[in-house]
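The values are calculated or read from the model by the stated rules, or taken from the named source; none is laboratory data. Quantities reported herein were computed from a predicted structural model and do not represent experimental measurements. Because the Cβ atoms are built from the backbone with ideal geometry, glycine has one as well, and the counts that use them run over all protein chains shown. With ligands, DNA and RNA removed, areas are computed over all heavy atoms of the protein, side chains included. Shrake-Rupley method; radii C 1.70, N 1.55, O 1.52, S 1.80 Å.
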Amino acid sequence: MLSQFAIAGHGSEPGGRRQGPEARGQGAEEQHPPPPGRPRGTRPPSSPMPGRRRAPGARSCLLWLFVLLKNAEPFQVTVREDNCIIVSLEASDVVSSSSVYVVKIAGESKNYFFQFEEFNSTLPSPVVFNAKYHGLYYIVTLLVVNSNMVSKSARSITVLTKPLPVSNVSIYDYKPSPETGVLFEIQYQEKYNVFTRVNISYWEGKDYRTMLYKDFFKGKTVFNHWLPGICYSNITFQLVSEATFNKSTLVEYSGVQHEPKQHRTVPYPPRNISVQIVPINRNNWEEHSGNFAEESFIGPQEIIRKEKLSHFSDNPPEIPAVNTSAAWPEHRYNSTEYETTSQPYWWPNEAESSEGEEEFVNAVSSDYEAGVINVSGKLTPDPPSFLPVQMVLTWLPPKPPTAFDGFHINIEREENSTEFLTVSEDTHKFVAELKEPGKYKLSVTTFSSSGSCEVRGSQSGKTLSFYISPTGEWIEELTEKPHHVTVTVLSSTTALTSWTASQESGSNSTIVSVVSLTCQKQKESQRLEKHYCTEVNSSSSLIENLVPGAQYQVVVYLQKGPLVGPPSDPVTFSIVPTGIKDLTLYPLGPTAVVLSWNRPFLGVFRKYVVEMFYFNPSTMTSEWTTYYEIAATVSLTASVRIANLLPAWYYNFRVTMVTWGDPELSCCDSSTISFIT
């Protein structure tokens with residue numbers, strides 16, 4: 001049987017070997033625990049009296065007790081990977097062989113108690129508790145019950161179970177700010193899984209980052225602290241559980257079972273994008289014509305000859321074929337410039353047989369160089385050819401801090417041909433020669449490609465539009481929208497639009513766009529209007545072919561050449577319905593009548609409202625009250641039967657047309673008829 005001294009934690013040698021009762025020697029007295037407030041062991045020595053010496057045995061006994069207390073270990077509590085709590089009893093916890101040792105585990109909705117098996121000289125097997133919750137802290141208390149059934153709490157240990165890991169992760173752009181923000185969505189087991197925060201770890205380029213985040217709602221959160229254009233790789237999520245007990249904090253991290261993610265934020269777009277068109281002097285065009293940049297737009301007349309005639313000799317030079325393309329409009333050249341054509345299949349033989357004969361000249365006769373003779377015999381000069389112009393595109397780098405590796409230049413011509421170019425991050429100017437007239441759209445975007453993430457480009461900060469006329473005139477895009485747009489209704493079928501625009505806009509025409517708002521509210525089989533059911537554009541400020549009772553929306557655009565500026569603020573107006581006609585009453589007796597009427601052919605409305613006016617004897621008042629409402633139809637006539645009238649009573653009846661507009665319009669109060677039953 002273990003002695004009281006050994007049970008108290010002083011029965012182990014420094015080497016860790018347990019001692020039995022025989023190690024203490026025979027006749028050792030039973031040692032009792034010290035009273036509260038005093039250390040366990042021998043009584044602390046008092047101050048030595050002068051002239052007295054401490055016994056050598058007392059000093060060695062104190063040293064031996066200190067060593068034993070230092071090596072005593074309390075009961076052990078560990079948490080396994082399968083979320084089981086293992087409680088092991090140590091020798092220092094045993095106070096008596098006759099006592100019963102019980103483990104109390106608290107933390108869930110109820111407390112659990114487990115008793116250690118009875119033991120003698122060998123310590124009992126550990127207690128295994130299968131914890132239900134992951135990420136929850138449990139308080140494990142060792143209770144000692146003596147023979148008098150009095151329990152005493154020996155000591156308590158707090159442990160924290162590990163939360164379950166995240167199973168799946170999705171990362172999306174945060175649409176309001178994709179340059180710095182992402183939307184994290186994580187999936188994990190919610191039942192019996194407790195956590196306080198989420199640990200997010202990732203590589204920001206070449207730097208490793210980790211942070212604790214707690215603002216997750218239903219597995220989603222917006223993280224708006226990243227840098228634009230950076231490749232974030234090896235992104236992992238761990239659920240973190242935290243608990244504070246006796247001024248000590250316990251922290252447990254879940255494992256990582258999901259696939260690590262990567263995401264690149266969108267870089268910021270370049271700033272201050274501008275374009276300039278510089279005409280090339282016609283006199284030195286030849287000097288530039290042989291030095292076109294690879295990025296320039298090349299038209300169908302790719303090979304342009306100088307004002308020389310091409311003579312075929314014995315070994316004629318190779319004649320390049322025309323690079324034709326249906327996407328490019330053809331432009332004729334004057335008599336001093338020619339395009340070479342492919343040789344016919346019969347040409348090589350004749351060229352070889354012409355040796356020694358007069359040279360064959362592949363050119364227009366000099367009599368026709370000045371122009372083409374028309375029917376009247378006069379010379380008609382060819383229209384001048386288009387001279388290339390130089391386009392100078394400049395921009396500034398995106399606002400810092402943005403990680404980027406270059407710029408994409410997109411040049412679109414006539415909405416069917418596009419040049420896509422890439423320049424380095426140090427390039428802030430691009431020069432090209434445009435060889436074809438037409439409408440152009442330019443955009444410059446930033447792209448980021450370094451790292452293992454996918455290449456991403458910035459949003460287009462600004463799209464530039466301009467027009468190059470066949471004569472080389474440069475027309476800049478319109479950026480101003482019309483202001484103070486108003487619509488004045490002139491009649492039931494016409495209206496006049498007016499607006500203001502500054503002289504700096506440079507527009508020379510306008511586009512008035514009109515669409516009906518009531519057409520789509522009607523069933524197609526019941527539509528009473530057709531013209532403005534789809535958007536109709538006109539260059540006139542006068543709007544015609546309107547339908548009474550309809551509601552319209554007008555938008556005005558400024559135009560210069562083929563370029564169209566931004567739209568104005570939409571303006572809504574309504575046309576008052578014309579009302580019914582030929583209202584007729586047919587009496588059916590002293591208590592009933594039939595009302596019949598016609599409507600105009602041109603008109604749109606939502607419903608008819610039939611009202612009547614009479615003296616009501618129950619309320620002692622006279623007022624207009626609605627009797628019936630009839631939905632609009634394509635029929636030009638309508639009728640309704642009115643019953644339950646008072647005999648020998650005076651009535652007024654009225655029928656009005658109500659529109660679909662907001663607010664509703666109605667017409668007309670004058671459509672009334674009187675009758676005495």
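State all residues of the range 256-292 that are of a type outside the set (Val, Ile, Thr), open to solvent by less than 70 Å² (accessible area, probe 1.4 Å) and at pLDDT 90 or above; if no residue qualifies, say none. Give the derivation first.
Step one: of the range 256-292, the residues of a type outside the set (Val, Ile, Thr) are 257-264, 267-272, 274, 276, 279, 281-292.
The next check asks that each one be open to solvent by less than 70 Å² (accessible area, probe 1.4 Å); those that pass are 258, 260-261, 263-264, 267-270, 274, 284-285, 288-290, 292.
Listed by number, the residues that qualify are His258, Pro260, Lys261, His263, Arg264, Pro267, Tyr268, Pro269, Pro270, Ser274.
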Next on the checklist: Which condition from (1) open to solvent by less than 70 Å² (accessible area, probe 1.4 Å); (2) under 30 Å from Cys519 (Cα atoms); (3) at pLDDT 80 or above is the one that Tyr651 breaks?
Outcome noted: (2)
Checklist entry - If you go through the range 538-553 one residue at a time, do you hit one that is open to solvent by 60 Å² or more (accessible area, probe 1.4 Å), without any contact (Cβ under 8 Å) to a residue 24 or more places away in the chain and of a type in the set (Ser, Thr, Tyr)? => result no
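Select, from Thr500, Thr510, Thr518, Thr572, the only residue that is closer than 30 Å to Arg413 by Cα and either at pLDDT below 90 or surrounded by fewer than 14 Cβ atoms within 10 Å (Cβ to Cβ) (or both). Can you show your working first?
Details: Thr500 fails: closer than 30 Å to Arg413 by Cα; Thr518 fails: closer than 30 Å to Arg413 by Cα; Thr572 fails: closer than 30 Å to Arg413 by Cα.
Testing whether each residue is closer than 30 Å to Arg413 by Cα and either at pLDDT below 90 or surrounded by fewer than 14 Cβ atoms within 10 Å (Cβ to Cβ) (or both) leaves just Thr510.
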Next on the checklist: Suppose we keep only residues that are under 30 Å from Arg271 (Cβ atoms) and more than 37 Å from the chain's Cα centre (by Cα) within the range 473-490. Which one would you say is surrounded by the fewest Cβ atoms within 10 Å (Cβ to Cβ)?
Outcome noted: Glu473
Checklist entry - Within the range 452-462, can one find any residue that is out of contact with any Pro (no Cβ under 9 Å at 6 or more places or on another chain) and open to solvent by less than 30 Å² (accessible area, probe 1.4 Å)? => result yes
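Could you pull out the residue among Thr619, Thr637, Thr659 that is β-branched (Val, Ile, Thr), outside the structural domain of Gln553 (by the TED database) and either touching a Gly at 6+ places or on another chain (Cβ under 7 Å) or open to solvent by less than 60 Å² (accessible area, probe 1.4 Å) (or both)? Walk me through it before giving the result.
On the way: Thr619 fails: either touching a Gly at 6+ places or on another chain (Cβ under 7 Å) or open to solvent by less than 60 Å² (accessible area, probe 1.4 Å) (or both); Thr637 fails: either touching a Gly at 6+ places or on another chain (Cβ under 7 Å) or open to solvent by less than 60 Å² (accessible area, probe 1.4 Å) (or both).
Of the residues listed, the single one that is β-branched (Val, Ile, Thr), outside the structural domain of Gln553 (by the TED database) and either touching a Gly at 6+ places or on another chain (Cβ under 7 Å) or open to solvent by less than 60 Å² (accessible area, probe 1.4 Å) (or both) is Thr659.
Listed here are the residues, each with its yes/no results for (1) part of a loop (DSSP other than H, G, I, E, B); (2) outside the structural domain of Val222 (by the TED database).
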site	(1), (2)
Ser109	yes, yes
Glu118	yes, yes
Thr122	yes, yes
Lys132	yes, yes
Val144	no, yes
Pro176	yes, no
Lys191	yes, no
Ile200	no, no
Checklist entry - Which residues, counting only those in the range 161-174, are among the charged types (D, E, K, R) and assigned to a strand (DSSP E or B)? => result Asp173
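If we scan the range 172-188, do we find a residue that is acidic (Asp, Glu) and open to solvent by 80 Å² or more (accessible area, probe 1.4 Å)? If you could, list the steps in order and put the result at the bottom.
Looking only at the range 172-188, we keep the residues that are acidic (Asp, Glu), and these are 173, 179, 185.
After this cut, where a residue has to be open to solvent by 80 Å² or more (accessible area, probe 1.4 Å) as well, the list is none.
No, that holds for no residue.
Yes or no, residue by residue, for (1) part of a strand (DSSP E or B); (2) open to solvent by 70 Å² or more (accessible area, probe 1.4 Å):
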site: Thr210; (1), (2): yes, yes
site: Thr221; (1), (2): yes, no
site: Leu227; (1), (2): no, no
site: Val251; (1), (2): yes, no
Next on the checklist: Restricting to the range 599-631, count the residues that are polar (S, T, N, Q) and assigned to a loop (DSSP other than H, G, I, E, B).
Outcome noted: 2
Next on the checklist: For the list (1) modelled with pLDDT of 85 or more; (2) open to solvent by 40 Å² or more (accessible area, probe 1.4 Å); (3) farther than 25 Å from Val514 by Cα, I need the number of the one condition that Trp597 fails.
Outcome noted: (2)
Checklist entry - Listed residues Ala592, Ala632; which is surrounded by 12 or more Cβ atoms within 10 Å (Cβ to Cβ) and under 59 Å from the mean Cα position of the chain (by Cα)? => result Ala632
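Taking Ser568 as the residue in question, decide whether it is closer than 27 Å to Thr463 by Cα, touching a His at 6+ places or on another chain (Cβ under 8 Å) and touching a residue at least 24 places away in the same chain (Cβ under 8 Å). Full working, then the answer.
Values: closer than 27 Å to Thr463 by Cα: yes; touching a His at 6+ places or on another chain (Cβ under 8 Å): yes; touching a residue at least 24 places away in the same chain (Cβ under 8 Å): yes.
Yes; evaluated as a whole, the condition is true for this residue.
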Checklist entry - Which condition does Glu433 not pass, out of (1) over 30 Å from Leu546 (Cβ atoms); (2) surrounded by fewer than 19 Cβ atoms within 10 Å (Cβ to Cβ), if it passes all the others? => result (2)
Checklist outcome for this item: Quick count over the range 515-551, residues being within 23 Å of Cys668 (Cα to Cα) and not small (Gly, Ala, Ser), is 14
Checklist entry - When you scan the range 561-598, how many residues do you find that are more than 19 Å from Lys481 (Cβ to Cβ) and either in contact with a helix residue (DSSP H, G or I) (Cβ under 8 Å, 6 or more places away or on another chain) or in a loop (DSSP other than H, G, I, E, B) (or both)? => result 11
Checklist entry - Here are some residues: Tyr557, Tyr586. Which one is open to solvent by 20 Å² or more (accessible area, probe 1.4 Å), within 33 Å of the chain's Cα centre (by Cα), at pLDDT 85 or above and aromatic (Phe, Trp, Tyr)? => result Tyr557
Checklist outcome for this item: Of the listed residues (Leu558, Leu528), the one being in a loop (DSSP other than H, G, I, E, B), touching a residue at least 40 places away in the same chain (Cβ under 8 Å) and among the hydrophobic types (A, V, I, L, M, F, W, C) is Leu528
